[in-house]
Amino acid sequence: MKTVTCTAPVNIAVIKYWGKRDEKLILPLNDSISFTLSQDEMCAKTTVSISPTFTEDKFWLNGKKESLENPRVQNCLKEIRRRASKRKFEGSDENVWSWHVHICSENNFPTAAGLASSAAGYACLVYALGQVYGVEGDLSSVARQGSGSACRSIHGGLVRWYKGEADDGSDSVARPIAPPDHFPNLRVIICVVNAGQKKTGSTVGMKQTVATSSLMQHRISVSVTSRIESMMKAIKEKDWPTFCDLTIADSNEMHAVCLDTFPPCVYMTDTSHAVASLLHKYNDLKTIESNINHKVCYTFDAGPNACIFAPEAVAEEVLALLLQAFPPPPAQATDDYVKGIPSQP
Ligand code: 2P0
């Protein structure tokens with residue numbers, strides 16, 4: 001028997017993936033850029049075991065036995081086994097690709113609440129399967145077939161997922177573009193506005209957006225393409241204020257196309273908007289003080305929870321402001337409500 005345990009962190013997109021050009025292969029309509037967070041706080045953990053004596057594949061998620069019929073898990077498993085079958089192994093391991101697998105996965109943060117749980121989960125699953133079946137090479141295109149955003153969690157730091165041009169998805173891969181400490185001493189504050197499951201899952205939501213939103217056509221053909229290039233330049237030049245402005249703009253545009261969807265996908269709540277408004281006031285103050293390198297930025301995924309990137313010099317101040325404006329319910333510990341975590345792995 002062979003057993004491997006891996007952990008994979010969540011990633012937060014600063015230029016968002018929203019919309020596919022191929023539903024089955026999970027090929028996106030636009031490139032996206034993300035920040036992979038530290039493993040310490042929010043991560044998925046997966047243990048996989050393979051053995052010639054196992055009689056079937058089995059899967060547990062957060063302690064509950066799940067069906068392995070999920071086509072996305074199957075696609076990842078099939079692709080890893082296909083790659084493993086092409087490798088030469090010694091002696092008794094020759095048919096390792098045909099051994100059944102037992103998979104045990106867990107997240108240490110709310111699942112399906114718009115906190116990138118599927119990204120960490122599939123990145124972790126695919127990496128662990130790759131290790132246990134002895135598959136080498138780029139695994140981002142396999143993780144992508146589990147969940148699009150998962151391909152970005154295969155790498156640390158700032159990562160770009162290239163949409164690719166090929167119909168078979170072979171060039172739709174994630175690549176690291178800058179190390180985790182590229183913007184040194186950066187902190188990430190996650191404001192959990194609501195830890196419940198979102199009403200419209202990302203997969204369904206983005207499909208409806210592509211089918212119904214005319215604003216989405218503008219996003220794809222004009223704005224997100226130029227924003228990707230501006231973001232690459234801001235990252236290359238370590239231009240933090242521009243990085244902040246572009247991150248905020250892209251989050252707002254993604255939520256605008258969600259609202260332009262029919263029926264609308266409403267992810268942000270009044271509290272989410274109030275958090276955004278507070279941060280805009282904070283940035284206005286930093287501009288007046290001529291301290292633009294102390295600006296902060298927010299981004300919202302397909303849920304109401306805010307991800308805030310803040311330079312360490314102001315992170316505590318921002319956290320204190322947030323706690324003052326949005327005091328946690330008395331029964332809830334502050335640590336569970338707003339978390340300040342490092343962006344470095
Ligand atoms: C992102 N999100 O770039 C965007 C921003 C949510 C909002 O990627 O259908 O769970 O599995 O490919 O990867 C969430 O979408 O969707 C997502 P599928 P996924 O992070």
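Table: residues versus (1) touching a residue at least 12 places away in the same chain (Cβ under 8 Å); (2) closer than 26 Å to Asn107 by Cα; (3) assigned to a strand (DSSP E or B).
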site	(1), (2), (3)
Ala13	yes, yes, yes
Lys24	no, yes, no
Phe35	yes, yes, yes
Gln39	yes, yes, no
Ile50	yes, yes, yes
Thr53	yes, no, no
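Residues that are farther than 22 Å from Tyr298 by Cα, buried (at least 20 other Cβ atoms within 10 Å of the Cβ) and not polar (S, T, N, Q) do occur in the stretch 174-185. Exactly one residue among Ser140, Ser172, Ser149 is in contact with a Gly (Cβ under 7 Å, 6 or more places away or on another chain) and modelled with pLDDT of 95 or more, and that residue is Ser172. All conditions but one from (1) surrounded by 21 or more Cβ atoms within 10 Å (Cβ to Cβ); (2) more than 16 Å from the ligand (Cβ to nearest atom) apply to Gly146; the one that does not is (2). Inspect the stretch 190-210 for any residue being away from the ligand (no atom under 16 Å from the Cβ) and assigned to a helix (DSSP H, G or I) and give the result as yes or no. The answer is no; no qualifying residue exists. When Ala128, Ala84, Ala119, Ala166 are checked against the criterion of being within 16 Å of the ligand (Cβ to nearest atom) and either at pLDDT 95 or above or assigned by TED's automatic domain parsing to the domain that holds Asp31 (or both), Ala119 stands alone in meeting it.
In the stretch 281-294, is there at least one residue being within 13 Å of the ligand (Cβ to nearest atom) and either of a type in the set (Gly, Ala, Ser) or in the same structural domain as Ala325 (by TED's automatic domain parsing) (or both)?
Quick first cut of the stretch 281-294, residues within 13 Å of the ligand (Cβ to nearest atom) only: none.
No: the stretch 281-294 contains no residue that is within 13 Å of the ligand (Cβ to nearest atom) and either of a type in the set (Gly, Ala, Ser) or in the same structural domain as Ala325 (by TED's automatic domain parsing) (or both).
Among the residues of the stretch 15-27 satisfying the criterion of being over 17 Å from Cys265 (Cβ atoms) and surrounded by 24 or more Cβ atoms within 10 Å (Cβ to Cβ), which is farthest from the ligand (Cβ to nearest atom)? Looking at residues that are over 17 Å from Cys265 (Cβ atoms) and surrounded by 24 or more Cβ atoms within 10 Å (Cβ to Cβ), I get Ile15.
Considering only the stretch 251-299, state which residues are β-branched (Val, Ile, Thr), surrounded by fewer than 19 Cβ atoms within 10 Å (Cβ to Cβ) and not in a helix (DSSP H, G or I).
Residues of the stretch 251-299 that are β-branched (Val, Ile, Thr), as a first pass: 257, 261, 266, 269, 271, 275, 287-288, 292, 296, 299.
Filter once more, keeping what is surrounded by fewer than 19 Cβ atoms within 10 Å (Cβ to Cβ): 266, 269, 271, 287-288, 292.
Val266, Thr269, listed by residue number.
Inspection of the stretch 322-343 finds no residue satisfying the criterion of being modelled with pLDDT of 95 or more and touching a Gly at 6+ places or on another chain (Cβ under 9 Å). Of all residues in the stretch 246-258, at least one satisfies being closer than 23 Å to Gly19 by Cβ, in contact with a Gly (Cβ under 7 Å, 6 or more places away or on another chain) and modelled with pLDDT of 95 or more. Restricting attention to the stretch 1-11, the residues that are in a loop (DSSP other than H, G, I, E, B) and either surrounded by 24 or more Cβ atoms within 10 Å (Cβ to Cβ) or within 16 Å of the ligand (Cβ to nearest atom) (or both) total 1. Return a yes/no flag: does the stretch 44-59 have any residue that is within 16 Å of the ligand (Cβ to nearest atom), assigned by TED's automatic domain parsing to the domain that holds Gln131 and within 22 Å of Ala174 (Cβ to Cβ). There is at least one residue in the stretch 44-59 that is within 16 Å of the ligand (Cβ to nearest atom), assigned by TED's automatic domain parsing to the domain that holds Gln131 and within 22 Å of Ala174 (Cβ to Cβ).
The values are calculated or read from the model by the stated rules, or taken from the named source; none is laboratory data. Predicted model only: the values in this text are computed from it and were never measured. With ideal geometry, Cβ positions are generated from the backbone for all residues, glycine too; neighbour counts draw on all protein chains shown.
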